[in-house]
Every structure is written in C-alpha cells, then in structure tokens.
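K.L.:
Let me give you the structure first, and then I'll get to my questions.
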Amino acid sequence: MQSVAEPSLKKDPHEVVRYAEVAVPLHVFQTFTYRLTGEQGVQAQAGARVLVPLGRSVVTGYIVNLSDEISEGLDDVEIKDAQELVDSAPVCTPEILELARWVAEYYACPLGEVIRAALPPGVSKATSQVKPKLRRVVRLLDVDSEQKLTEAQRRVITTLESNGPMLLQSLIAAASVSPSTITSLEKKGLVETYTEAVRRDPLSEDLGLKSEEHVLTTAQTSVLEQIEQQMNSETYAAFLLHGVTGSGKTEIYMRAMDKALKRGRSAMMLVPEIALTPVFSRGLRARFGDQVAIFHSSLQKGERFDEWTRVRNGVARVVIGTRSAVFAPVQNLGLIVVDEEHESSYRQQESPYYNARDVAIVRAQKESATVVLGSATPSLESFHNARKGKYQLLTLPERIAARPMATARIVDMRTVFARHAKPRVFSDELLEAIRETHERGEQSIILLNRRGYSSFILCRSCGETIQCPNCDVTLTYHRSERVIVCHYCNHREPVPRVCPACGKKYIYYVGEGTEQIEEMLKLLFPALRVARIDRDTTARRKVFEQSLADFSAGKIDTLVGTQMLAKGHDFPNVTLVGVVSVDAGLALPDFRSAERTFQLITQVAGRAGRGDRPGRVLIQTYHPYHYALRHACAQDYEGFFDEEVRYRQNHSYPPFVALASLLVHGPDLGRVRSDSLELRKHLDLANQDRKCRILGPAPAPLSRLKGEHRFQLLIKSRSRKNLREVADAAMKSVDINPRSINLEIDPVSIM
Ligand code: ADP
Ligand code: ZN
C-alpha cells in the first residue's frame, strides 16, 4: 500500500490511528466516535460497516466520516476501539451515503436508521450476514495420464468428457459413483472441484410470458420525445406524466429506460408493490434480460442480497423495486421513473419516515438524472408543483386504440334501502350487472376495502362489541379460520359462543368483509367461478400469483378483493368493476380521505374495459353527492383538483403549509397524556413569534395500538424552516425519551 513511499517515511501500520464517526442503526440521534488502529485504520473508508461496542452490546455501525485527528471536545482516553472493520470496500457508496444524509436531515431521523433502511436486510447487520449461495462443481483437468483407473473412476471421466463441468451432486448421480470416487480422482490430479456462486433469481420461474413491443401512438411519441430530449442534456429535470388509465404509460417508461441504457447510463423504476404485478416483473425480464435487478418485500433475504450485489457490481443496470429500491447503489443513473407516484406505500410507516417519491426527486437532482413521476391520479402536491412549473407536465388524455373510458355510475344505497326496507350488501343493479357480464362470457372485479368475514361482533343483548385487548379497534371475524383477529396487531382469539360481557348467546356479526362477499356471490351465482385476493390470501405468494394467472387465463369469472386489485393489472376481458362500498374510506378523519377515495375509484375504473369491449363501473354509496365521487364518475381530474385545492387552502393543509405530526405513545395513559402536554409546552416556548400553528395534544384517531396509548400534536407553518426550528427545538429541550415520540415530517396521513 505504501510501496512508493520513501523507506524512512513508511508508517508501521500498527501505529496508524484513525477516528471514525459511526452512525448506529438505532433510534438515537447522535453519532459516536471510535478508534481504528493498525491495518483496520489503513483500510477503513466511509460507508463501510464496523462492529462497535455500544453500552453493553456490540452493534453493526456504519462509518460516516474518518479523520486522522480526534475532533475537538473529545478526549482520547474516553474513545473506545472499534471491534472489527467488516468491509474493506464500503457497502454504502458515496452517493448513497450523501443521499442518506439528506434523508436524515430532511425527515429529522437518525442517520444510522436511514443507512440501515438503504441496505438489504442481509447486509445492514453484519452479524446475521447473508452470504453468496455456493455449490460444488467438478471439472476435468487437461492431463494426459496413463494412470490406472477403476471402473467407477472411468465412468466419471467419460461423463465429464461428454458434459463438461458438472455440479458435484449431478455428477455423482449421473455416473452412479460415491463421493469418494471423486476424491480419489482429485488426488490423482485428474479432476478438480471448486465452488461457484449461484444466483438466487427471483424471476427464475418462467410463467411463459413474453413482452410485445408496440408501435407508439402519436401522443406517446410526443411524450417520449420530450423525455428523451431532456435525457440528452444530462441535467436534472422532473416531469409529471398525467396519463389516464390504459393510456400506455408503461410503454413510455420502458422506452425511456431503454434510452438511458443506450446512452450508457442506468435506470431505475419505483413501483408501489411489485409483488402484486408478477406479470409486469416478468415482462421486464423479457425486455431487459439479465440487466434487470428486482427488489420487493416478498423476496427472500438471499434473493435480495444477490440482486443488490448485481447492482453494486454494475452487472444489473436497470433496477425495479418498491420504496427502498430508491437507495439501490446504481452507478451513473440517468433516469428514475416513479410509477403511481400518488401511492401512499412510497411512505415508510416507521422511522425513518421517508417518502421514496420525494427521495427520488432529490436523488435525480444530485445525480443529474431525469425523473418521471407518472399517474392517472397525481397526488395533489405533484399536480400543484406541475401547475407552478416545478415539474414539466406531460399528458396522455386518451386510452390506447381510442378505447373508451369505462362509464362509472353511482348506486344510491339509500334508495336501495328504501326499496327493500332493509340494508342490502348488493344492490339489484350490481347483481344484475354481474349476471349479465357473466352471461356475455366477460369477467368482473368486485372490490371492498375490508378483508375478513365480518368487521365486528356485537351482542344484541348488552350491546357489547368485542375489542382487541391491545388496540382501540374491534376484532374482525375470519370464518375460514374460525377466529377473530385484530387487523392492527394480529391478536387472535377463537370465536366466542357467548358474549364475553353478559354471557348471553345473542352474538351478531356486523359489517361484511371480502371473505363474506366471496361466499355470498358463490351462493347467489352457483355457476360463477369466484376467487379472492386480499392480504389474507397474498400471504402465500405462489397462491396469489396463481389466482392472478387463472383470472388472466379466464379460468375465474369474478375476482373479489381489497384495493390491491385496483392497481396496475391489465385484464382485457374485465368489463365490470363493482365497488361494494366506499363510505368507510370517505369517513376517515384524515385530510386526504377525499383524495384517496377519488384515486381509488379512478384507478379501479381503469381496470374495466381495457380490451375491445367497453367497461362499466358501479359504485355503491350512501353519500351519492360527495364531490370526490362526482368527479371520479365524470373522470374529471382537474375538476376534482380545483375543488380539493380550495379545501386544502381554506383549512391550511399541504401543499399550502408544511405539516409535521408528533405522536406521543406509551403503555401508561396518564404518562402519555402528561408527556404530550409537556411537549406542547416546549413547542409553545419555541414558537413565541407564532410563525407556526400548533394543534393538540388530542387522542390520535387510533387512540390505542399494540398496547400503547397515543396522543397526537400537529404543527403547521407556511415556512418549512420555521416548522423545523420549532419541532427541533422542542424535541431537544423536552425531557422525553425520543423513542416514545414519532416525529413525522410531511405525513401522508394523520391517522
Ligand atoms: P397505463 O400504464 O397508462 O395504464 P398501459 O401501459 O398498461 O397503460 O397500456 C395499456 C395497454 O395498451 C397495455 O395492454 C399495453 O400493452 C397496450 N399498449 C401500450 N402502448 C400501445 C401502443 N402504442 N399500441 C398498442 N397497444 C399499446
Ligand atoms: Zn390489536
């Protein structure tokens, strides 16, 4: 390493001492300094993992800075030695480290937590490290030998001669020999065995899909040209692609990614939940071959590690993945696509609370890349940015092949109730539509955003509902498993025979879920082939993929499911989408409930009529005049935007103010309440010039969760800087464990 230096200047590596600033993957805001000596001091680089003593344990930390000198204010005798430098080549590239710093700063979260989130699970913690998967291979050595061989040994040689190098296991089987035969051949110097890393490939199972390339429409061509022109300049720019469902956005993403590759750069595409679109992932493989790396939540650790390694080594230059893929160590990034940019799943729901869409924008800025946000229903923030000129707006107002948009109609459940003098799950209109659709040999999708059988259990004698012991919610009845379940903490109990409160047996099930809808449809239409897709069935990835494949192949007539059905799928034979109820979504106490409902209906309507036959959508509701429903039925995005923006402005919600939410939580109600009042006091102290508006504390809409009580405070301000000053000052001065306060900057919901 020091070979060119003068001998007299040559340092004894044992004398090298360097000081590493280390971020640890815990919810602590400071970084720690450790000493690295000898060879480790020479080899250490920022972005490498290091095992360090912390309190009484040893943790995997990440070096974020290195120095030959001790920083001011620190005393050398108090500094501990790092236990072990794990990597000589950093796992976190300089670009990713810088991006992580930005995330930690913007979202006010610990840097170590961000780096942990940025690395695949098998890498972030060095002690439970995933290793490459190895296998033994045997090959023939190129030697002319007169050695005497046994019959078995000769079989091995001839097998290898005709097959080339073989897996040890296959060779043993093919030549029908024992392992010792191979060992003796190795000793004679006739064969060699070695290990080889095998790639764990998440797309290895071939479902027999192929990708088709289309001739672009005029509208697609014009959009693509604008993106490509921008990419030629190799500077940062952001586009918002507002294209109605079925307008061919995906084709544009593919072409733009291809363009990035042709320019020698790499490309990234973020999607909300890739596991739900196996067809799409495999289409990518068909298009980009082995250059694609894929990241999503249902990959196994080993698969994820291998994909990450392929990106890190530059073998894979197209990255497709969910949220955390935004941190993939791709080099020379030219393009980032964020599909369905409005989706709330881009937001991480635990610390670090980052939004991958916004991180994508910043990453593109830092790496001079083009970023394309795409959606049929852009988030209010993004469309607002486009109107202000921060993003360039591109539009695809029509569906491919001039296919008409599905016609959407509201079914007023109040009149259905009046007609039958009792509540009905299905209106006559929806039942009739399902029957007709089936008769025509077409398919339907029935959507209800509530899984399980019944949403709660009520005693008709005493009025008691069965609550989760840990959360402020009722338990949901799951009939197939014969249990009642909490959808928040997964607490499970057997179905009670009598009311736990009064002991009487007038147990009554209220509110239907997807499981019940599926069963009702099977009873009502015995000939209808019905399947269900929700989080209960998707737990098993293969089963889920099979259901989608069967639906696609026409082996299923009707698919019942939760909102996960609303996204991204392309089933040309679906001509009916029925929404059993949207009312629960509209009633959520959140400033985004109208926006979410509008998006859901527009997206689900986009699943109908994607083939040659027109589609229709029926939406059952008790609020037929709600503006979100009206505009969704009229397919009028801008009409909705204008109305929603007025509401946000009048009530001071984003994008007109910066918003932060502080959730104080803990097992003891009195303590949580007093802590939250204390926090309020410190916020007020920091806000004496009244540049922020502070609301609360109030019990959070979900006031108890997983055994913890929750109180919420909100900060609003026209100035993001003021907002952060107040939040930071209060968090610093208040004497509460930071672990019992969730501080969220730009929360996507305040539930
Ligand atoms: P979006 O993502 O905007 O909802 P898609 O990209 O899924 O729309 O396109 C809808 C359908 O149209 C898909 O089946 C796709 O393969 C097809 N498609 C896209 N572009 C073209 C084209 N130029 N010509 C013909 N079909 C196309
Ligand atoms: Zn619970």
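K.L.:
Taking the residues in the range 577-589 that are more than 23 Å from LYS422 (Cβ to Cβ) and in contact with a helix residue (DSSP H, G or I) (Cβ under 6 Å, 6 or more places away or on another chain) as candidates, determine which candidate is surrounded by the most Cβ atoms within 10 Å (Cβ to Cβ).
P.N.:
Here is the first cut: in the range 577-589, the ones more than 23 Å from LYS422 (Cβ to Cβ) are 577, 585, 588-589.
Within this subset, residues satisfying the condition of being in contact with a helix residue (DSSP H, G or I) (Cβ under 6 Å, 6 or more places away or on another chain) are 577, 585.
Working: VAL577: 27, GLY585: 19.
Among them, the one singled out is VAL577.
K.L.:
Looking at this structure, is LEU190 buried (at least 21 other Cβ atoms within 10 Å of the Cβ), at pLDDT 85 or above and not β-branched (Val, Ile, Thr)? Break it down stepwise before answering.
P.N.:
Numbers: buried (at least 21 other Cβ atoms within 10 Å of the Cβ): no; at pLDDT 85 or above: yes; not β-branched (Val, Ile, Thr): yes.
Answer is no for this residue.
To keep it simple, each residue is scored yes or no on (1) in a loop (DSSP other than H, G, I, E, B); (2) surrounded by 23 or more Cβ atoms within 10 Å (Cβ to Cβ); (3) without any contact (Cβ under 8 Å) to a residue 60 or more places away in the chain.
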site	(1), (2), (3)
PHE591	yes, no, no
GLY609	yes, yes, no
PRO624	yes, no, no
ALA628	no, yes, yes
ARG648	no, no, no
TYR653	yes, no, no
VAL664	no, yes, no
ARG673	no, no, yes
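K.L.:
Now for a separate question. Only one residue in SER368, SER344 is among the polar types (S, T, N, Q), surrounded by fewer than 18 Cβ atoms within 10 Å (Cβ to Cβ) and closer than 28 Å to ALA594 by Cβ. Which one? Even if it seems obvious, please write down each step before you answer.
P.N.:
On the way: SER368 fails: closer than 28 Å to ALA594 by Cβ.
Just one listed residue meets the conditions, SER344.
K.L.:
With the structure loaded, tell me whether LEU475 is within 36 Å of the chain's Cα centre (by Cα) and at pLDDT below 90 or whether it fails that test.
P.N.:
Values: within 36 Å of the chain's Cα centre (by Cα): yes; at pLDDT below 90: yes.
Spelling it out, LEU475 is indeed within 36 Å of the chain's Cα centre (by Cα) and at pLDDT below 90.
K.L.:
So for the range 54-64 (the condition being among the β-branched types (Val, Ile, Thr) and not in a strand (DSSP E or B)), does at least one residue qualify?
P.N.:
Residues of the range 54-64 among the β-branched types (Val, Ile, Thr): 58-60, 63-64.
Okay, now just the ones that are also not in a strand (DSSP E or B), so none.
The answer is no; no qualifying residue exists.
K.L.:
Further question on the same structure: If we scan the range 548-569, do we find a residue that is within 18 Å of THR437 (Cα to Cα), in contact with a Pro (Cβ under 7 Å, 6 or more places away or on another chain), of a type in the set (D, E, K, R) and buried (at least 18 other Cβ atoms within 10 Å of the Cβ)?
P.N.:
Scanning the range 548-569 turns up no residue that is within 18 Å of THR437 (Cα to Cα), in contact with a Pro (Cβ under 7 Å, 6 or more places away or on another chain), of a type in the set (D, E, K, R) and buried (at least 18 other Cβ atoms within 10 Å of the Cβ).
K.L.:
Tally the residues that are under 17 Å from CYS462 (Cβ atoms) and away from ligand 2 (no atom under 11 Å from the Cβ), restricting the search to the range 474-500. Let's see the steps before the verdict.
P.N.:
We begin by selecting, within the range 474-500, every residue under 17 Å from CYS462 (Cβ atoms); these are 474-475, 496-500.
From what is left, the residues that are away from ligand 2 (no atom under 11 Å from the Cβ) are 496-500.
Number of matching residues: 5.
K.L.:
In the set ILE446, ILE457, which member is crowded, with 16+ Cβ neighbours inside 10 Å, assigned to a strand (DSSP E or B), more than 16 Å from ligand 2 (Cβ to nearest atom) and aliphatic (A, V, I, L, M)? I'd like the intermediate steps shown before the answer.
P.N.:
Numbers: ILE457 fails: more than 16 Å from ligand 2 (Cβ to nearest atom).
On inspection, the qualifying residue turns out to be ILE446.
K.L.:
Sticking with this one: Find the residue count for the range 157-194, including only residues that are β-branched (Val, Ile, Thr) and in a loop (DSSP other than H, G, I, E, B). Quick ask: steps written out before the conclusion?
P.N.:
First pass over the range 157-194, keeping only residues β-branched (Val, Ile, Thr): 157-159, 172, 177, 181-183, 191, 193.
The next check asks that each one be in a loop (DSSP other than H, G, I, E, B); those that pass are 177.
Residues in the range 157-194 being β-branched (Val, Ile, Thr) and in a loop (DSSP other than H, G, I, E, B): 1 in total.
K.L.:
Still on this structure: Is there a residue in the range 683-701 that is within 16 Å of ligand 2 (Cβ to nearest atom) and among the hydrophobic types (A, V, I, L, M, F, W, C)? Before the answer, list the steps.
P.N.:
Initial filter on the range 683-701 (within 16 Å of ligand 2 (Cβ to nearest atom)): 700-701.
This time we only want the ones that are among the hydrophobic types (A, V, I, L, M, F, W, C), so: 700.
Yes.
K.L.:
Mind checking which strands (runs of 3 or more DSSP E) fall wholly inside the range 468-537 and carry at least 2 residues that are buried (at least 19 other Cβ atoms within 10 Å of the Cβ) and either more than 16 Å from ligand 1 (Cβ to nearest atom) or in contact (Cβ under 8 Å) with a residue 24 or more places away in the chain (or both)? Walk me through it before giving the result.
P.N.:
Values: elements: 476-478, 483-485, 492-494, 507-512, 530-533.
By residue number, 476-478, 483-485, 507-512, 530-533.
K.L.:
I've got another one for you. When you check PHE280 against the structure, is it within 16 Å of ligand 1 (Cβ to nearest atom), touching a residue at least 60 places away in the same chain (Cβ under 8 Å), more than 21 Å from ASP358 (Cα to Cα) and of a type outside the set (A, V, I, L, M), yes or no? Full working, then the answer.
P.N.:
On the way: within 16 Å of ligand 1 (Cβ to nearest atom): yes; touching a residue at least 60 places away in the same chain (Cβ under 8 Å): yes; more than 21 Å from ASP358 (Cα to Cα): yes; of a type outside the set (A, V, I, L, M): yes.
Yes.
K.L.:
List every residue pair whose Cβ atoms sit under 6 Å apart, with the two residues 6 or more apart in sequence or on different chains, where the first one lies in the range 79-106 and is at negative phi and assigned to a loop (DSSP other than H, G, I, E, B) and the second, anywhere, is crowded, with 16+ Cβ neighbours inside 10 Å and hydroxyl-bearing (Ser, Thr, Tyr).
P.N.:
ILE79/THR33; ALA82/TYR34
K.L.:
Take GLY452 and decide whether it is outside any strand (DSSP E or B), within 16 Å of ligand 2 (Cβ to nearest atom) and either surrounded by fewer than 19 Cβ atoms within 10 Å (Cβ to Cβ) or modelled with pLDDT under 85 (or both). Can you show your working first?
P.N.:
Details: outside any strand (DSSP E or B): yes; within 16 Å of ligand 2 (Cβ to nearest atom): yes; either surrounded by fewer than 19 Cβ atoms within 10 Å (Cβ to Cβ) or modelled with pLDDT under 85 (or both): yes.
Taking the combined requirement at face value, the residue satisfies it.
K.L.:
Here are the criteria: (1) farther than 21 Å from ASN449 by Cα; (2) modelled with pLDDT under 95. Tell me which single one ILE533 does not satisfy.
P.N.:
Of the numbered conditions (1) farther than 21 Å from ASN449 by Cα; (2) modelled with pLDDT under 95, the odd one out for ILE533 is (1).
K.L.:
Check LEU586, LEU565, LEU600 and return the single one that is of a type in the set (A, V, I, L, M, F, W, C), closer than 28 Å to ALA628 by Cα and touching a Gly at 6+ places or on another chain (Cβ under 8 Å).
P.N.:
On the way: LEU586 fails: touching a Gly at 6+ places or on another chain (Cβ under 8 Å); LEU565 fails: touching a Gly at 6+ places or on another chain (Cβ under 8 Å).
Result of the check over LEU586, LEU565, LEU600: LEU600.
The values are calculated or read from the model by the stated rules, or taken from the named source; none is laboratory data. In this text, all values refer to a predicted model and were calculated from it rather than measured experimentally. Cβ sites come from the backbone with ideal geometry, for glycine too, and all protein chains shown count toward neighbours.
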